[in-house]
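Trainee: Can you read through this structure? Questions will come right after.
The values are calculated or read from the model by the stated rules, or taken from the named source; none is laboratory data. Remember, predicted model here, so these are calculated numbers, not experimental data. Here the Cβ positions follow ideal geometry from the backbone for every residue, glycine too, while neighbour counts run over all protein chains shown.
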């Protein structure tokens, strides 16, 4: 599913390339929820920021953080990916996700279509092993637990916990018992 953020902003008569303020984030979040109301289980929502230059922390908190949390907690089981982020948007999202982790001691992250300033295809406070797994799956499209075990050098128990976590926060899909894929 594809959502054009600029188009939603224009429909809501927020006619600027800078999306700032908590209220604007809340309005776009509510509109996005209506769009994804009938989403198929396991579907990926692409949030396209083409034409948007800046989003501030309040907007990110009300829109992106809430949508990520909804995807994690939802019975609809959907995934989120960001597209066409300006460097400023990317930096601001990264800052908010790291602040969220520091204050709540809860990691959340989001995948991206393009490579980011952190040289990865995601934004968020992941550790080196989690980063390596995301990048491995991005390149290889999928991997069995045994492949990931060989790649990471982790014992199976720790690797299973790591994979369960990455699935829980919707960065990886579990295709069957021991097979995982990227989005």
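Trainee: Determine if region 42-53 includes at least one residue that is assigned to a helix (DSSP H, G or I), in contact (Cβ under 8 Å) with a residue 12 or more places away in the chain, surrounded by 14 or more Cβ atoms within 10 Å (Cβ to Cβ) and within 17 Å of the chain's Cα centre (by Cα).
Mentor: The answer is no; no qualifying residue exists.
Trainee: Determine, yes or no, whether residue 37 is in contact (Cβ under 8 Å) with a residue 24 or more places away in the chain and either surrounded by fewer than 21 Cβ atoms within 10 Å (Cβ to Cβ) or part of a helix (DSSP H, G or I) (or both).
Mentor: no
Residues checked against (1) part of a strand (DSSP E or B); (2) at negative phi; (3) surrounded by 17 or more Cβ atoms within 10 Å (Cβ to Cβ):
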position: 71; (1), (2), (3): no, yes, yes
position: 82; (1), (2), (3): yes, yes, yes
position: 85; (1), (2), (3): no, yes, yes
position: 97; (1), (2), (3): no, yes, yes
position: 111; (1), (2), (3): yes, yes, yes
position: 125; (1), (2), (3): no, yes, no
position: 137; (1), (2), (3): no, yes, yes
position: 160; (1), (2), (3): no, yes, no
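Trainee: Could you check how many residues of region 2-34 are within 17 Å of the chain's Cα centre (by Cα), surrounded by 14 or more Cβ atoms within 10 Å (Cβ to Cβ) and outside any strand (DSSP E or B)?
Mentor: 5
Trainee: Whether any residue in region 84-93 is touching a helix residue (DSSP H, G or I) at 6+ places or on another chain (Cβ under 7 Å) and under 26 Å from residue 125 (Cα atoms) is what I want to check. Lay out the reasoning, then the answer.
Mentor: Of region 84-93, the ones touching a helix residue (DSSP H, G or I) at 6+ places or on another chain (Cβ under 7 Å) are 92-93.
Then drop every residue that is not under 26 Å from residue 125 (Cα atoms), which leaves 92-93.
Yes, that holds for at least one residue.
Trainee: Let me ask another. Can you tell me which residue among 149, 130 is farther than 13 Å from residue 180 by Cα, assigned by TED's automatic domain parsing to the domain that holds residue 173 and either crowded, with 17+ Cβ neighbours inside 10 Å or without any contact (Cβ under 8 Å) to a residue 40 or more places away in the chain (or both)?
Mentor: Of the residues listed, the single one that is farther than 13 Å from residue 180 by Cα, assigned by TED's automatic domain parsing to the domain that holds residue 173 and either crowded, with 17+ Cβ neighbours inside 10 Å or without any contact (Cβ under 8 Å) to a residue 40 or more places away in the chain (or both) is 130.
Trainee: Taking the condition at pLDDT 95 or above and either touching a strand residue (DSSP E or B) at 6+ places or on another chain (Cβ under 9 Å) or surrounded by 20 or more Cβ atoms within 10 Å (Cβ to Cβ) (or both), does residue 60 pass?
Mentor: yes
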